[in-house]
Amino acid sequence: MIAPRMSGVLGLPVHTLLECLAYAAGFRLFLALRRRWGDPLTPFDRMAVVAAAIVGAGIGSKLLVWTQHPDMLRGVDASVLLTGKSVAGALLGGLVFVELVKRWLGIRRSTGDLYVLPLCLGIAIGRVGCLLSGLDDGTYGTPTSLPWGIDYGDGVRRHPAQLYEIAILVPIAIWAARQLRRGVSDGSVFRGFLLVYLGFRVALDFVKPEPRVYLGLTGTQVVGLV
C-alpha cells in the first residue's frame, strides 16, 4: 500500500491543518460532554485547570522530544530545538501541571475523565495528518514485510505506526464512553486511558526507528515505563 501524500490547502501543510482540526474538534467535544454530564468545577477552577494543561502539555511535549533525541541538545540552532512534538510528553506534562495547580487551588476531586474522549478524537485526527505527511513527519515505523506495510514514497514498506495508534484509540474511546454513561467520574477513566495509551506507546517504539540510547530503550519507552 502506498500512503497518499497531501501538500495541504491554501499553502498550509496538511499536518498543520489537521492538527488545528484536532484541537478544535477535541475542544468542541469537551464542551458537549460538559453540557451533558456537568462539570464538578467552578468556572474559575476549570479555567485554571485548562490553562495548566495547555502550559504543561507544551513543556512536556518538547521535553520528551529532547529526551527522545538528545543529539538535538548538542547544537545551538534554536530552530532545531523547537521542532517536533510528543503526544506522550504532552499528556504527562499536562498531568503534572494540572496536579500542581489543583494542589495550589485546593481541588481534591478528579478532573480528567471528561478529557478522555476529546483526547482520543484529537490524537486520532492528528495522526491522520502525520500519515498524510509521509516521511517528512518522522512518525512512521520500521521496514516490514507484513501485508499491511505502507510505502511512504521511497519504495520501502514500513509499519503504519500512525494507524496502529488510531486503532488502539478506538477501543479506549468505546470503553471510556461506556464508563461515562454509567456515571463514573472518580478519575479511573483518565487513569485507565493514560495507562493503556502509555503502555501502547512503550510497545509501539519497538517498531519505530527511534534512537535507543537508554540501555536499548527510547526516551518515550523510559518515560512511559516510569
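The values are calculated or read from the model by the stated rules, or taken from the named source; none is laboratory data. Since the model is a prediction, treat every value here as computed from it, not as a measurement. Note that we place each Cβ from the backbone using ideal geometry, even for glycine, and neighbour counts take in every protein chain shown. Heavy atoms of the whole protein, side chains included, go into the accessibility calculation; ligands, DNA and RNA do not. Shrake-Rupley method; radii C 1.70, N 1.55, O 1.52, S 1.80 Å.
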So, first residue open to solvent by 40 Å² or more (accessible area, probe 1.4 Å) in region 17-36, second residue among the hydrophobic types (A, V, I, L, M, F, W, C), Cβ within less than 7 Å, six or more apart or across chains; the pairs are Leu17/Val9; Leu21/Ile125; Leu29/Leu117; Leu29/Leu121; Arg34/Leu114
For region 214-226, pairs from a residue that is within 9 Å of Val202 (Cβ to Cβ) to a residue that is open to solvent by 50 Å² or more (accessible area, probe 1.4 Å) and among the small types (Gly, Ala, Ser), with Cβ under 9 Å and 6 or more apart or across chains, are Gln221/Ala203
Apart from one, (1) surrounded by fewer than 18 Cβ atoms within 10 Å (Cβ to Cβ); (2) under 30 Å from Leu29 (Cβ atoms) all hold for Val223; the odd one out is (1)
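Going residue by residue through region 74-87, is there one that turns out to be modelled with pLDDT of 90 or more and more than 25 Å from Gly199 (Cα to Cα)?
Just the residues of region 74-87 that are modelled with pLDDT of 90 or more, to begin with: none.
Taking every residue of region 74-87 in turn, none turns out to be modelled with pLDDT of 90 or more and more than 25 Å from Gly199 (Cα to Cα).
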Leu132: passes all of (1) hydrophobic (A, V, I, L, M, F, W, C); (2) open to solvent by 20 Å² or more (accessible area, probe 1.4 Å); (3) more than 30 Å from Arg109 (Cβ to Cβ); (4) modelled with pLDDT of 90 or more but (4)
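From the list Glu210, Glu165, pick out the single residue that is among the acidic types (Asp, Glu), open to solvent by less than 10 Å² (accessible area, probe 1.4 Å) and either within 19 Å of Lys62 (Cα to Cα) or assigned to a helix (DSSP H, G or I) (or both). Steps first, answer last, please.
Details: Glu210 fails: open to solvent by less than 10 Å² (accessible area, probe 1.4 Å).
Testing whether each residue is among the acidic types (Asp, Glu), open to solvent by less than 10 Å² (accessible area, probe 1.4 Å) and either within 19 Å of Lys62 (Cα to Cα) or assigned to a helix (DSSP H, G or I) (or both) leaves just Glu165.
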